[in-house]
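Structure, as structure tokens:
The values are calculated or read from the model by the stated rules, or taken from the named source; none is laboratory data. These numbers were taken from a predicted model, which means no experiment stands behind them. We place every Cβ from the backbone using ideal geometry, glycine too, and count neighbours over all the protein chains shown. Accessible surface is based on the protein model in full, side chains and every heavy atom, while ligands, DNA and RNA are left aside. Shrake-Rupley method; radii C 1.70, N 1.55, O 1.52, S 1.80 Å.
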Amino acid sequence: MMVTLMDIAVLIKQSLDVQELRVDQDTGKIYIEEAPTKAGDIDLNAAEEAVRIKEKVGGKATAIMLSTWGASGKRLKEAKEALKRVLAMGLDDAVLIMGEEGQKADTYVVAKTLAEVIRDNYQLVLAAEGSDDNFSGLLPARIAAELDWPFIAYATALELEGEYVKVTRSLEDYEEIVRVKLPAVIAVTQEINKPRVPKLMDIVKAGKKPLDQRDFTPPSEPKIAIRELKVPKVERKNVIIEGDVEEAAEKLLQALKEEGVL
Amino acid sequence: MKVLAYGDVLDLALELVAAGRGISDNVVLLVAGDQEEKIQGLKGPNEVLLCKDVKSYDQESLVELITSIARDFDAILLPNDRRGRELVGVIAHKIGGSAATDVSSLRLENDVILIERITLGGKAIAVEELSLPAVMTIQKGRFKPLEDIEPEIREIKAPKIERRIEVLEKKEKPRVGVPLDKAEIVIAVGRGFKKKEDLKLAYELAEILGGVVGATRPLAADLKWMEEEVWIGISGVRVAPKVLVVVGASGQQQFSAGIMDSKIVVAVNNDSSAPIFEHADYGVVMDLYQFLPALIKKLKEAKGA
Amino acid sequence: MVDFDIIVVGAGPAGSVASYLLAKKGHTVLTIERGKRPGSKNMFGGRLYAWSLEKVFPNFWEEAPIEREVTREVLGLLYGDDGIEISLNGKPKAKSFTILRAKFDQWLAEKAEDAGAEIVSGVKVESPLIEDGKVKGVIVEGEEKIESSIVVAADGALSFIAEKAGLRAKLSGEDFAVGAKEVIELSKDAIEDRFRLEENEGAAQLYIGDITEGVVGGGFLYTNKDTISLGVVMRIGSLSEKVSNIETTMWNATERFKSHPLIGRYLKGGKLLEYSAHIIPETQFLRGVKLCTDGMVVVGDAAGFCVNYGLTVRGMDFAIESAIAAAEAIDIALEKGDTSASSLRRYEEALSTGMLREFEKAKKAVDLMEDQRIYTSLPKIAVNTARHLFHVDGKPKEGLYQFLRRSMSEEGISLLSALLLSWKALKSL
Ligand SMILES: Cc1cc2nc3c(=O)[nH]c(=O)nc-3n(C[C@H](O)[C@H](O)[C@H](O)COP(=O)(O)OP(=O)(O)OC[C@H]3O[C@@H](n4cnc5c(N)ncnc54)[C@H](O)[C@@H]3O)c2cc1C
Ligand SMILES: Cc1cc2nc3c(=O)[nH]c(=O)nc-3n(C[C@H](O)[C@H](O)[C@H](O)COP(=O)(O)OP(=O)(O)OC[C@H]3O[C@@H](n4cnc5c(N)ncnc54)[C@H](O)[C@@H]3O)c2cc1C
């Protein structure tokens, strides 16, 4: 298959909005169904980076999402919303893979599926260092391994040089500038850029960009099963200290003394 | 059941060995690079594999090295830092294994490894069944190094690799070694501080209380007002002090996941609807620029008296 | 070429209903909502009168995320630890429902979307786009201009859009009320048991008494499916008061209300899910609002169609009714190709023969409720009188008449004015 100069796949996860997720410490119930989903925060950084590359060297960028929330109408709508968001930022089109079986898929299964979408069609895969809800960062690494493409994580800067990409990656002990020949898979950090806020008319137009929705059939069995989700017990007193500045300082110190921690 | 542990920092690697012991009597430690001297007299693993010709910072070679010996092992344990996390997915996939990050406990059950890890932005703990072979990164500070076994040391050769990642430049990061994860008193600062210089309020408070200063991710990683090693949260350090004073941080879930083990949490924020107050024992809804000086003054008076 | 026939600012009930009706007529509609999602920012007591929405969606309750149909009305008078509750039970023909706005507004917005309206959330409209004295569209965050033939200002009580278009004066912050509300989780069974309700039936309970410590206002309580919406409305004073003090006042009043034995019993074992406090602009004093100008109409709270009864607020039904009238006028105006104020005036005319009458009546009731003694003396005398009637301790009792006279003179009220007050209170509640 012929590909244009630079085709980028941006992985967008339909992530649970953990800020709005409700958990009940007493009953241990986690209200996952009730919580909304959205595009992962750092996915937006990946999308932004793709748009910047496009602006420099041209080519096309596709948002790719495998939704693992089943096939309910609500989740489908949210998935499309999330994709619309990155399309509005400037990605060209989107692939949404979704199906009932998605709920059991682990990163192994998702990577196998997405690798087939990516292989032969894209030269660069951009992803987030981790997702809002699970923060494992495993998916892009697995996709790279499945495709046998080099993988670089924790990218804080990217620059395209012909068929090479120069990446600054930030590890705990060193900051390195590395160069790889494309194709490659790169996971970016939240600090790599500031995702643009799309214009309203871009959001409207994003609704009309091509969205290729496909059914999900798992290519293999998962390697992981989630047996249980537990709610960690953290008891906080939630006391608000009142009064003016002086009083509040005094009361706080008193409280800490009574706690026996000062 | 045979476990391989690898970590570039030896202290951490020994925690991994201890973690491995929970599921196996045979834990092998892989040591890369120039560390022959350091491993003399080291205790804990059943065996040490020393590969001198792979540098401990050479991620690409490490993938190949670990993958090349992986078939002998049922589980591979790596540290849960960026180096470990960059390796774990690639290695797992290459050997057709399961993978997990940020693992806080593990045990063997029939032919799966049962692990616990924090998920949903810190709001839940997932109990996951990992099929074998399994590759995982282990949370720091969860396992105490063992000092029982004196291992044999065996040298191994590095596999030949075809390099695809060329390192053009390397800058060492300054490390100040703030003992955040062990500190008894921590002041955590966020974007509520308007300028870098203003952080001196936090440092002053920390000094009086005998604590250390940590930060939110944007303050450290984006604004770079502090070293990256001091950011607290799901992608940074977890703290467990007796008192944590969070100042000018909104308390988004990814930050708050890192403070769950604190005994007492105090929050200072001028927005009464900031989520940090849900994670706090004592909340002060005030401008930090007014409240911190008053608090510092009171503490000084108390000390003087 | 305009970008859209109509731009609707705000996806509250007024905005979504207008969007729905206009999209259904085949016009291109863009609805802009600043909240993360429609309804995510909207605070409200808990009860929707169905009469207006029914016209748009007959039997909407079969499909919409309503909580319960109100079949039980309770008026309570609280004094000290005691209280009197008067209840009216039955299924009225004119239905009303308890709802939770986050879900309900989203449903309404989806209706509009399904009808073809383009709804964009998370974007704030900064001002109307005005050229040659005519509204030509809107300007949103980032100074982006979007053009339309008509703008519908449905941006709620503080409507900056209507204000900037010169349709209403700046709200003066002299006198205002504040509402605080909690949502408390309780099992479905407990709710039906404690409030004596059948499945899907709900209670609407209003209380006056010393919980507001002499301030005009009171408490409300509505039953939802498995939560209770409860709160306090108080006419606190002026905006110059420190916000933190107001927050504390509201919090304390809510706590007093919740811990009154009569109320506490309903809530036992319940879990607090959310608390919020909100200013209720006294929009009924918003005289002289103009409802349209060239290229724009104002609907719902933005036009001041909201009544604060002292302890409850009512406006959703008016918001919807005004949106229906506006949509009709806009449709005709677009059809004629004339979007001038005079062409849009049909909206105002339609209202004046219909909804405005109902609205004026509602406002009258409010003026009566201004009498502060309704909130203080009346509950006290009533509760004390009931105590006097029902409590027996074996000692000789003062005659009822003497007792009443004495307690009223303590409150400085004559018998006649007490009777008048009670009558007023009952009439308006
Ligand atoms: C996958 C992922 C992982 C992440 N990992 C981490 C992590 O490990 N650690 C982390 O910290 N973040 C992490 N983040 C980012 C996180 O979501 C938040 O963006 C971040 O924690 C916010 O930092 P902040 O509280 O300093 O800034 P803000 O959210 O901007 O909060 C600043 C606060 O200061 C208050 N304030 C302002 N002025 C004053 C004043 N004068 N007095 C008092 N208060 C004032 C404000 O009310 C506000 O609440 C992660 C995000 C993602 C998506
Ligand atoms: C405490 C309280 C209790 C109440 N209880 C009841 C009750 O029990 N029953 C009842 O019928 N009524 C009640 N009301 C009144 C009712 O909430 C309103 O009358 C009703 O919501 C009006 O609908 P609306 O669509 O005109 O405005 P709103 O519901 O206020 O919707 C306006 C929308 O516009 C959006 N918006 C505002 N500005 C902008 C902008 N610049 N750009 C984009 N979007 C914007 C807002 O986010 C909002 O979604 C109560 C009100 C209060 C404050």
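Here is how the numbers come out for the structure above:
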read-out: Residue list for the stretch A:73-123, filter: open to solvent by 40 Å² or more (accessible area, probe 1.4 Å) and assigned to a loop (DSSP other than H, G, I, E, B); value: A:92, A:119, A:120, A:121
read-out: Count - residues of the stretch B:27-75 that are away from chain A (no Cβ under 14 Å), in contact with a helix residue (DSSP H, G or I) (Cβ under 9 Å, 6 or more places away or on another chain) and surrounded by fewer than 17 Cβ atoms within 10 Å (Cβ to Cβ); value: 4
read-out: Given (1) at pLDDT 95 or above; (2) over 30 Å from residue B:97 (Cβ atoms), index of the condition residue A:63 fails; value: (2)
read-out: When residues of the stretch B:219-245 are limited to those that are more than 8 Å from every other protein chain (Cβ to nearest Cβ) and assigned to a helix (DSSP H, G or I), the one nearest to ligand 1 (Cβ to nearest atom); value: B:219
read-out: Any strands (runs of 3 or more DSSP E) falling wholly within the stretch A:125-199 and containing at least 2 residues that are more than 7 Å from chain B (Cβ to nearest Cβ); value: A:151-161, A:164-170, A:184-188
read-out: Residue list for the stretch B:246-298, restricted to those being more than 10 Å from ligand 1 (Cβ to nearest atom) and open to solvent by 20 Å² or more (accessible area, probe 1.4 Å); value: B:260, B:261, B:263, B:278, B:279, B:282, B:293, B:297, B:298
read-out: Pair list, Cβ < 8 Å and 6+ apart or interchain, from the stretch A:220-237 residues that are assigned by TED's automatic domain parsing to the domain that holds residue A:32 to residues that are among the aromatic types (Phe, Trp, Tyr); value: A:220/A:108; A:222/A:108; A:223/A:108; A:224/A:108
read-out: Filtered residue count, the stretch C:20-60, keeping only those that are more than 14 Å from chain A (Cβ to nearest Cβ) and within 12 Å of ligand 2 (Cβ to nearest atom); value: 12
read-out: Considering residues of the stretch B:106-151 that are farther than 30 Å from residue A:133 by Cβ and among the acidic types (Asp, Glu) only, the residue nearest to the other protein chains (Cβ to nearest Cβ); value: B:147
read-out: Wholly enclosed helices (runs of 4 or more DSSP H) of the stretch C:361-429 bearing at least 1 residues at pLDDT 80 or above; value: C:377-390, C:400-411
read-out: Positions within the stretch C:218-256 being modelled with pLDDT under 90, open to solvent by 10 Å² or more (accessible area, probe 1.4 Å), in a strand (DSSP E or B) and within 15 Å of ligand 2 (Cβ to nearest atom), in sequence order; value: C:235, C:236
read-out: Looking only at the stretch C:138-159, and only at residues there that are at pLDDT below 95 and over 25 Å from residue C:325 (Cβ atoms), the one that is farthest from the other protein chains (Cβ to nearest Cβ); value: C:143
read-out: Test for residue C:375: is it within 30 Å of residue C:79 (Cα to Cα), within 30 Å of the chain's Cα centre (by Cα) and hydroxyl-bearing (Ser, Thr, Tyr); value: yes
read-out: Residue in the stretch A:48-58 that is open to solvent by 10 Å² or more (accessible area, probe 1.4 Å), more than 16 Å from ligand 2 (Cβ to nearest atom) and touching a helix residue (DSSP H, G or I) at 6+ places or on another chain (Cβ under 9 Å) present; value: no
read-out: Selected residue (only one of C:88, C:75 is more than 19 Å from residue C:58 (Cα to Cα), surrounded by fewer than 20 Cβ atoms within 10 Å (Cβ to Cβ) and in contact (Cβ under 8 Å) with a residue 60 or more places away in the chain); value: C:75
read-out: Residue A:125 in contact (Cβ under 8 Å) with a residue 12 or more places away in the chain, over 27 Å from residue B:122 (Cβ atoms) and of a type in the set (A, V, I, L, M); value: yes
read-out: Failed item in (1) within 11 Å of chain A (Cβ to nearest Cβ); (2) in a strand (DSSP E or B); (3) of a type outside the set (A, V, I, L, M), with residue B:154 passing the rest; value: (1)
read-out: Pairs, first closer than 23 Å to residue C:177 by Cα in the stretch C:312-330, second within 16 Å of ligand 1 (Cβ to nearest atom), C-beta under 8 Å, six or more apart; value: none
read-out: Check on residue B:87, surrounded by 23 or more Cβ atoms within 10 Å (Cβ to Cβ) and either in a strand (DSSP E or B) or among the basic types (Lys, Arg) (or both); value: no
read-out: Scope the stretch A:212-262; condition β-branched (Val, Ile, Thr), outside any helix (DSSP H, G or I) and at the interface with chain B (Cβ under 7 Å from one of its Cβ atoms); matching residues; value: A:224, A:226, A:231, A:234, A:239, A:240, A:241, A:261
read-out: Sole residue being in contact with a Phe, Trp or Tyr (Cβ under 8 Å, 6 or more places away or on another chain), assigned to a helix (DSSP H, G or I) and surrounded by fewer than 23 Cβ atoms within 10 Å (Cβ to Cβ), chosen from C:54, C:69; value: C:54
read-out: Sole exception among (1) under 19 Å from the mean Cα position of the chain (by Cα); (2) in contact (Cβ under 8 Å) with a residue 60 or more places away in the chain for residue C:33, by number; value: (1)
